[in-house]
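I have placed the structure first, in the form of C-alpha coordinates, so that the comments after it can refer back to it.
The values are calculated or read from the model by the stated rules, or taken from the named source; none is laboratory data. None of the values given here were measured: they were computed from a predicted structure. Virtual Cβ from ideal backbone geometry, glycine too; neighbours counted across all protein chains shown.
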Amino acid sequence: MAFKLPDLPFAQDALEPHMSADTLGFHHGKHHASYVKKLNKAIEGTRYAQMALEEIIHAAADESGKQDLFNNAAQHWNHSFFWNCLTAKGGGRPDGELGRRIEADFGGYDKFASAFKDAATGQFGSGWAWLVVDGGKLKVTATPNAVPPLVRGQEALLTCDVWEHAYYLDYQNRRADFVDVYLGHLVDWSFAAKRFANQGEGGRVAAHRYQKAQHKFAQSGKAEEGGRAARQAIEGDEAEELERARRKTAARGGK
Ligand code: MN3
(Lines give C-alpha, C1' and ligand atoms only; values in the text may rest on other atoms or scores of the structure.)
Protein backbone atom coordinates (compact mmCIF):
# COMPACT_ATOMS: atom_id res chain seq x y z
CA MET A 1 0.00 0.00 0.00
CA ALA A 2 1.23 3.40 -0.91
CA PHE A 3 1.94 6.26 1.48
CA LYS A 4 -0.47 9.19 1.39
CA LEU A 5 0.07 12.91 1.72
CA PRO A 6 -1.52 13.80 5.06
CA ASP A 7 -3.91 16.74 5.17
CA LEU A 8 -2.63 19.83 6.92
CA PRO A 9 -3.93 19.85 10.53
CA PHE A 10 -5.29 23.37 9.90
CA ALA A 11 -6.76 25.39 7.02
CA GLN A 12 -4.24 26.53 4.43
CA ASP A 13 -4.71 30.19 5.41
CA ALA A 14 -4.95 29.55 9.18
CA LEU A 15 -1.37 30.64 9.92
CA GLU A 16 -1.54 34.00 8.17
CA PRO A 17 0.05 36.47 8.39
CA HIS A 18 2.95 34.47 9.88
CA MET A 19 2.97 31.73 7.24
CA SER A 20 0.98 32.49 4.12
CA ALA A 21 -1.52 30.27 2.33
CA ASP A 22 0.77 30.63 -0.71
CA THR A 23 3.75 29.22 1.19
CA LEU A 24 1.69 26.33 2.53
CA GLY A 25 0.16 25.70 -0.89
CA PHE A 26 3.61 25.16 -2.39
CA HIS A 27 5.24 23.61 0.66
CA HIS A 28 2.54 21.05 1.39
CA GLY A 29 0.81 20.76 -1.98
CA LYS A 30 3.95 20.64 -4.14
CA HIS A 31 7.10 19.90 -2.10
CA HIS A 32 5.72 17.44 0.42
CA ALA A 33 3.44 15.86 -2.23
CA SER A 34 6.45 15.31 -4.45
CA TYR A 35 8.42 13.52 -1.69
CA VAL A 36 5.47 11.17 -1.17
CA LYS A 37 5.11 10.50 -4.89
CA LYS A 38 8.82 9.73 -5.32
CA LEU A 39 8.83 7.57 -2.18
CA ASN A 40 5.93 5.49 -3.49
CA LYS A 41 7.61 5.09 -6.86
CA ALA A 42 10.85 3.97 -5.20
CA ILE A 43 9.28 1.32 -2.97
CA GLU A 44 6.78 -0.12 -5.45
CA GLY A 45 7.36 -3.84 -5.90
CA THR A 46 10.32 -3.89 -3.47
CA ARG A 47 10.70 -5.26 0.06
CA TYR A 48 10.39 -1.66 1.31
CA ALA A 49 6.73 -1.67 0.26
CA GLN A 50 5.98 -3.82 3.32
CA MET A 51 7.72 -1.56 5.82
CA ALA A 52 6.48 1.25 8.03
CA LEU A 53 7.95 4.67 7.22
CA GLU A 54 10.46 4.74 10.08
CA GLU A 55 11.69 1.28 9.13
CA ILE A 56 12.30 2.42 5.56
CA ILE A 57 14.30 5.37 6.85
CA HIS A 58 16.46 3.14 9.09
CA ALA A 59 16.91 0.51 6.40
CA ALA A 60 17.76 3.00 3.64
CA ALA A 61 20.20 4.81 5.96
CA ASP A 62 22.04 1.53 6.51
CA GLU A 63 22.20 0.55 2.86
CA SER A 64 24.49 1.93 0.19
CA GLY A 65 22.94 3.25 -3.00
CA LYS A 66 19.66 4.16 -1.28
CA GLN A 67 20.22 7.90 -0.84
CA ASP A 68 17.20 8.92 -2.93
CA LEU A 69 14.92 6.52 -1.08
CA PHE A 70 16.29 7.76 2.26
CA ASN A 71 15.80 11.40 1.26
CA ASN A 72 12.20 11.00 0.10
CA ALA A 73 11.16 8.77 3.02
CA ALA A 74 12.84 11.05 5.56
CA GLN A 75 11.36 14.18 4.00
CA HIS A 76 7.89 12.61 4.17
CA TRP A 77 8.49 11.90 7.88
CA ASN A 78 9.99 15.36 8.55
CA HIS A 79 7.17 17.27 6.87
CA SER A 80 4.37 15.18 8.40
CA PHE A 81 6.00 15.96 11.76
CA PHE A 82 6.54 19.66 10.96
CA TRP A 83 2.85 20.37 10.17
CA ASN A 84 1.97 19.11 13.65
CA CYS A 85 4.46 21.52 15.21
CA LEU A 86 2.50 24.50 13.86
CA THR A 87 -0.72 26.09 15.05
CA ALA A 88 -2.56 29.37 14.71
CA LYS A 89 -1.97 31.52 17.78
CA GLY A 90 0.91 29.30 18.86
CA GLY A 91 4.34 30.27 20.12
CA GLY A 92 5.54 31.57 23.43
CA ARG A 93 6.73 29.61 26.43
CA PRO A 94 5.73 26.04 27.15
CA ASP A 95 4.34 25.26 30.60
CA GLY A 96 3.88 21.96 32.43
CA GLU A 97 6.54 19.27 32.69
CA LEU A 98 8.14 20.16 29.35
CA GLY A 99 8.41 23.80 30.41
CA ARG A 100 10.11 22.72 33.64
CA ARG A 101 12.52 20.45 31.77
CA ILE A 102 13.45 23.26 29.38
CA GLU A 103 14.25 25.42 32.43
CA ALA A 104 16.34 22.61 33.93
CA ASP A 105 18.18 21.39 30.81
CA PHE A 106 18.85 24.74 29.11
CA GLY A 107 18.94 27.07 32.11
CA GLY A 108 15.77 28.88 31.08
CA TYR A 109 13.44 29.35 28.11
CA ASP A 110 15.46 32.27 26.73
CA LYS A 111 18.57 30.14 26.54
CA PHE A 112 16.62 27.41 24.78
CA ALA A 113 15.17 29.94 22.29
CA SER A 114 18.58 31.39 21.58
CA ALA A 115 20.11 27.92 21.06
CA PHE A 116 17.22 26.97 18.77
CA LYS A 117 17.63 30.14 16.73
CA ASP A 118 21.38 29.60 16.48
CA ALA A 119 20.82 26.04 15.25
CA ALA A 120 18.23 27.19 12.70
CA THR A 121 20.21 30.10 11.31
CA GLY A 122 23.58 28.36 11.61
CA GLN A 123 22.52 25.37 9.51
CA PHE A 124 24.38 26.04 6.25
CA GLY A 125 22.06 25.45 3.31
CA SER A 126 18.97 23.28 3.60
CA GLY A 127 18.01 21.44 6.76
CA TRP A 128 16.08 21.39 9.99
CA ALA A 129 16.35 22.70 13.56
CA TRP A 130 15.08 20.38 16.30
CA LEU A 131 14.28 20.05 19.96
CA VAL A 132 15.04 16.42 20.78
CA VAL A 133 15.38 14.01 23.67
CA ASP A 134 18.87 12.55 23.58
CA GLY A 135 19.87 10.06 26.24
CA GLY A 136 17.12 11.34 28.53
CA LYS A 137 18.11 15.00 28.13
CA LEU A 138 16.57 17.78 26.08
CA LYS A 139 18.85 19.06 23.38
CA VAL A 140 18.71 21.47 20.45
CA THR A 141 20.24 20.24 17.24
CA ALA A 142 20.31 20.89 13.50
CA THR A 143 20.36 18.34 10.70
CA PRO A 144 21.30 18.86 7.05
CA ASN A 145 19.00 18.19 4.09
CA ALA A 146 16.60 15.33 4.88
CA VAL A 147 18.23 13.82 7.99
CA PRO A 148 15.77 13.18 10.84
CA PRO A 149 16.95 12.83 14.47
CA LEU A 150 15.70 9.23 14.62
CA VAL A 151 18.73 8.01 12.64
CA ARG A 152 20.90 9.53 15.39
CA GLY A 153 18.95 7.73 18.10
CA GLN A 154 17.23 10.96 19.17
CA GLU A 155 13.51 11.47 19.69
CA ALA A 156 12.13 14.59 18.01
CA LEU A 157 9.82 16.84 20.01
CA LEU A 158 9.71 19.86 17.75
CA THR A 159 11.14 21.01 14.43
CA CYS A 160 11.47 24.06 12.21
CA ASP A 161 11.99 23.51 8.48
CA VAL A 162 14.75 25.87 7.37
CA TRP A 163 14.84 24.90 3.72
CA GLU A 164 14.32 28.11 1.71
CA HIS A 165 10.99 26.79 0.40
CA ALA A 166 9.67 27.02 3.99
CA TYR A 167 10.06 30.81 4.24
CA TYR A 168 11.25 32.43 1.03
CA LEU A 169 7.86 33.63 -0.26
CA ASP A 170 7.10 35.30 3.08
CA TYR A 171 10.53 36.31 4.38
CA GLN A 172 12.85 36.08 1.34
CA ASN A 173 16.44 35.71 2.63
CA ARG A 174 15.54 36.61 6.24
CA ARG A 175 15.68 33.17 7.83
CA ALA A 176 16.26 34.65 11.29
CA ASP A 177 12.98 36.60 11.06
CA PHE A 178 11.16 33.41 10.08
CA VAL A 179 12.62 31.55 13.08
CA ASP A 180 11.59 34.40 15.42
CA VAL A 181 8.03 34.22 14.09
CA TYR A 182 8.06 30.42 14.38
CA LEU A 183 9.03 30.62 18.06
CA GLY A 184 6.86 33.64 18.81
CA HIS A 185 3.64 32.78 16.96
CA LEU A 186 3.57 29.32 15.39
CA VAL A 187 4.99 26.63 17.70
CA ASP A 188 2.40 24.19 19.00
CA TRP A 189 3.88 23.38 22.41
CA SER A 190 1.00 21.03 23.19
CA PHE A 191 2.23 18.72 20.40
CA ALA A 192 5.80 18.78 21.76
CA ALA A 193 4.50 18.17 25.29
CA LYS A 194 2.55 15.14 24.10
CA ARG A 195 5.63 13.77 22.36
CA PHE A 196 7.65 14.41 25.49
CA ALA A 197 5.16 12.65 27.74
CA ASN A 198 4.97 9.62 25.45
CA GLN A 199 8.62 9.32 24.53
CA GLY A 200 10.85 9.69 27.53
CA GLU A 201 13.93 7.57 27.89
CA GLY A 202 11.93 4.37 28.33
CA GLY A 203 9.90 5.07 25.21
CA ARG A 204 13.01 5.81 23.20
CA VAL A 205 14.61 2.51 24.09
CA ALA A 206 11.35 0.64 23.52
CA ALA A 207 10.88 2.30 20.16
CA HIS A 208 14.39 1.31 19.10
CA ARG A 209 13.81 -2.31 20.14
CA TYR A 210 10.50 -2.23 18.31
CA GLN A 211 12.14 -0.93 15.15
CA LYS A 212 14.76 -3.67 15.27
CA ALA A 213 12.09 -6.32 15.75
CA GLN A 214 10.05 -4.88 12.91
CA HIS A 215 13.07 -4.74 10.63
CA LYS A 216 13.80 -8.40 11.31
CA PHE A 217 10.17 -9.27 10.62
CA ALA A 218 10.18 -7.32 7.36
CA GLN A 219 13.27 -9.22 6.21
CA SER A 220 12.05 -12.66 7.27
CA GLY A 221 8.37 -12.23 6.43
CA LYS A 222 7.46 -14.09 9.63
CA ALA A 223 4.68 -11.82 10.82
CA GLU A 224 3.73 -13.77 13.93
CA GLU A 225 7.24 -13.96 15.29
CA GLY A 226 7.95 -10.31 14.44
CA GLY A 227 4.67 -9.17 15.94
CA ARG A 228 5.33 -11.07 19.17
CA ALA A 229 8.84 -9.62 19.47
CA ALA A 230 7.53 -6.14 18.76
CA ARG A 231 4.78 -6.45 21.36
CA GLN A 232 7.28 -7.63 23.93
CA ALA A 233 9.52 -4.68 23.12
CA ILE A 234 6.93 -2.07 23.87
CA GLU A 235 4.68 -1.05 26.65
CA GLY A 236 3.01 2.15 27.78
CA ASP A 237 1.32 4.89 25.77
CA GLU A 238 3.27 4.27 22.62
CA ALA A 239 2.22 0.65 22.43
CA GLU A 240 -1.15 1.22 20.84
CA GLU A 241 0.16 3.49 18.11
CA LEU A 242 3.02 1.15 17.31
CA GLU A 243 0.72 -1.86 17.33
CA ARG A 244 -1.55 -0.13 14.82
CA ALA A 245 1.48 0.54 12.61
CA ARG A 246 2.48 -3.11 12.93
CA ARG A 247 -0.96 -4.36 11.91
CA LYS A 248 -0.97 -2.00 8.94
CA THR A 249 2.43 -3.27 7.88
CA ALA A 250 1.30 -6.87 8.24
CA ALA A 251 -1.90 -6.19 6.27
CA ARG A 252 0.18 -4.66 3.50
CA GLY A 253 1.71 -8.02 2.68
CA GLY A 254 3.14 -9.80 5.71
CA LYS A 255 2.36 -13.52 5.76
MN1 MN3 B 1 10.10 21.65 3.59
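Within the bounds of region 161-182, is there any residue that is under 13 Å from the mean Cα position of the chain (by Cα) and not charged (D, E, K, R)? Steps first, answer last, please.
Residues of region 161-182 that are under 13 Å from the mean Cα position of the chain (by Cα), as a first pass: 161.
Add one more test, that the residue is not charged (D, E, K, R), and what stays is none.
No, region 161-182 has no match at all.
Within region 1-28, take every residue that is under 24 Å from ASP68 (Cα atoms) and aromatic (Phe, Trp, Tyr) and give me the one that is farthest from the ligand (Cβ to nearest atom).
Residue satisfying both the conditions and the ranking: PHE3.
For HIS31, are the conditions met, namely being within 16 Å of the ligand (Cβ to nearest atom) and either surrounded by fewer than 20 Cβ atoms within 10 Å (Cβ to Cβ) or free of Cβ contacts under 8 Å to residues at least 24 places away in the same chain (or both)? It would help to see each step written out before you state the result.
Values: within 16 Å of the ligand (Cβ to nearest atom): yes; either surrounded by fewer than 20 Cβ atoms within 10 Å (Cβ to Cβ) or free of Cβ contacts under 8 Å to residues at least 24 places away in the same chain (or both): yes.
Yes, satisfied.
Cβ-Cβ under 6 Å, sequence separation 6+ or interchain: first residue in region 74-102 and farther than 27 Å from PRO17 by Cβ and at pLDDT 95 or above, partner hydrophobic (A, V, I, L, M, F, W, C) and part of a loop (DSSP other than H, G, I, E, B). Which pairs?
Pairs found: ALA74/ALA146.
For region 11-24, state whether one or more residues are more than 30 Å from HIS185 (Cβ to Cβ), without any contact (Cβ under 8 Å) to a residue 40 or more places away in the chain and of a type outside the set (Lys, Arg). Break it down stepwise before answering.
Filtering region 11-24 for residues more than 30 Å from HIS185 (Cβ to Cβ) gives none.
No - not one qualifying residue is present in region 11-24.
Mind listing whichever residues of region 134-168 are outside any loop (DSSP other than H, G, I, E, B), closer than 20 Å to SER114 by Cβ and within 14 Å of the ligand (Cβ to nearest atom)?
THR143, THR159, CYS160, ASP161
Look at region 150-168 and say how many of its residues are in contact with a Ser or Thr (Cβ under 8 Å, 6 or more places away or on another chain) and either of a type in the set (Gly, Ala, Ser) or not assigned by TED's automatic domain parsing to the domain that holds SER80 (or both).
Looking only at that region, the number is 1.
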